[in-house]
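Working notes, beginning with the structure itself.
The values are calculated or read from the model by the stated rules, or taken from the named source; none is laboratory data. All figures in this text were calculated on a predicted structure; none of them were measured in a lab. Positions of Cβ are backbone-derived with ideal geometry, glycine not excepted, and every protein chain shown enters the neighbour counts.
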Amino acid sequence: MRTVRFVLLLGAALVLVVVMWSRIVDGLLFHPTPGVDIRPEEVGVVGEDVYLETEDGVRIHAFWLPASGATRAILFLHGNAGNASHRLPNAAGLVGLGASVLLLDYRGYGMSEGTPSEAGVVADARAGLAHLTGQRGIPEERIIVFGRSLGGAIAVDLVQDRAVAGVILESTFTSLSGMAGGILPIAAPFVRGRFDSETKIANLRAPLLSLHGDRDEIVPFALGRALFDAAPEPKAFETLVGAGHNDTVQVGGRPYYERIRRFLDDVAPVEG
């Protein structure tokens, strides 16, 4: 009887340790900023606030930025810090390429409810994709998923065996343990399996465009290249010469957007 009780107590303790460790990792990984700091009109685009309900009942916020006459859309998944409004200038440039954009705020970010976690933010991305196909009536094969930094890992998880038009990954890493290995190797075993894009990307069915700055000081260029190498064809890799982690748009300039336009036109050509 004592042995059974000991095993049960040990099991409960291990579960508690795992839960607590997971929360610690989430606290280190996610850095949300509440509210909205920029509005669509401030960056020269028409936009509206939309609210989506996730499969687990969390109410999340997004900006819907329609492009006039567009029949293709981009689901934009941002990085681990700030909120969606900080990405409006980048999203405005994408609207200028003839694609409507749904710019998502993960749970706990911006005006979204809840607390972020790996499973939670992926559920948020699924809600975004469902909004585009359901409420906006855009076929999945006309949707491009654009993930930046941590958003790239979320994008890879989202599109597992999905028939989206294409996937764009910018400044994205192989896995959380891969990132930890270069910063704090002793921590790598404790985050193994978290945001493991290098394994999941083998299931990608859509064309891929990867972009990465060769001076990225946060996500090493080598990790972005390794993730790309693990992906199936068709795929293309674009080195953003001279760009760090947070200045890809500024350093890339017009050629940055023109490269994305060519990809959009290849995978979801302008109709009519």
Within the stretch 235-272, of all residues that are touching a strand residue (DSSP E or B) at 6+ places or on another chain (Cβ under 7 Å) and assigned to a loop (DSSP other than H, G, I, E, B), the one nearest to Leu169 (Cα to Cα) is His245
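Assess whether Ser112 counts as being closer than 30 Å to Asp266 by Cα and either at pLDDT 95 or above or out of contact with any Lys or Arg (no Cβ under 8 Å at 6 or more places or on another chain) (or both).
Judged against the criteria, Ser112 is not a match.
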Is it fair to say Arg136 is touching a residue at least 60 places away in the same chain (Cβ under 8 Å), among the charged types (D, E, K, R) and within 17 Å of Leu264 (Cα to Cα)?
-> no
Does the stretch 39-47 contain any residue that is of a type in the set (D, E, K, R) and surrounded by 14 or more Cβ atoms within 10 Å (Cβ to Cβ)?
-> no
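Which of the residues belonging to the stretch 74-90 are out of contact with any Lys or Arg (no Cβ under 6 Å at 6 or more places or on another chain) and either at pLDDT below 95 or more than 16 Å from Val43 (Cα to Cα) (or both)?
Matches in the stretch 74-90: Ile74, Leu75, Phe76, Leu77, Asn80, Ala81, Gly82.
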Odd one out for His86, checked against (1) assigned to a helix (DSSP H, G or I); (2) within 18 Å of Val145 (Cβ to Cβ); (3) in contact with a His (Cβ under 9 Å, 6 or more places away or on another chain) | (2)
Residues being assigned to a helix (DSSP H, G or I), at pLDDT below 95, surrounded by fewer than 21 Cβ atoms within 10 Å (Cβ to Cβ) and among the hydrophobic types (A, V, I, L, M, F, W, C) - total across the stretch 121-179 | 0
Residue among Ser85, Ser100 that alone is among the small types (Gly, Ala, Ser), farther than 26 Å from Phe228 by Cβ and in contact with a strand residue (DSSP E or B) (Cβ under 6 Å, 6 or more places away or on another chain) | Ser100
Subset of the stretch 131-150, residues under 10 Å from Leu75 (Cβ atoms) and small (Gly, Ala, Ser), comes to Gly147
Restricting attention to the stretch 98-107, does a residue exist that is farther than 22 Å from Arg59 by Cα and in contact (Cβ under 8 Å) with a residue 40 or more places away in the chain?
-> yes
Sort out which residues of the stretch 222-234 are assigned to a helix (DSSP H, G or I) and touching a residue at least 12 places away in the same chain (Cβ under 8 Å), and write them in order of number.
-> Leu223, Gly224, Arg225, Ala226, Leu227, Phe228, Ala230
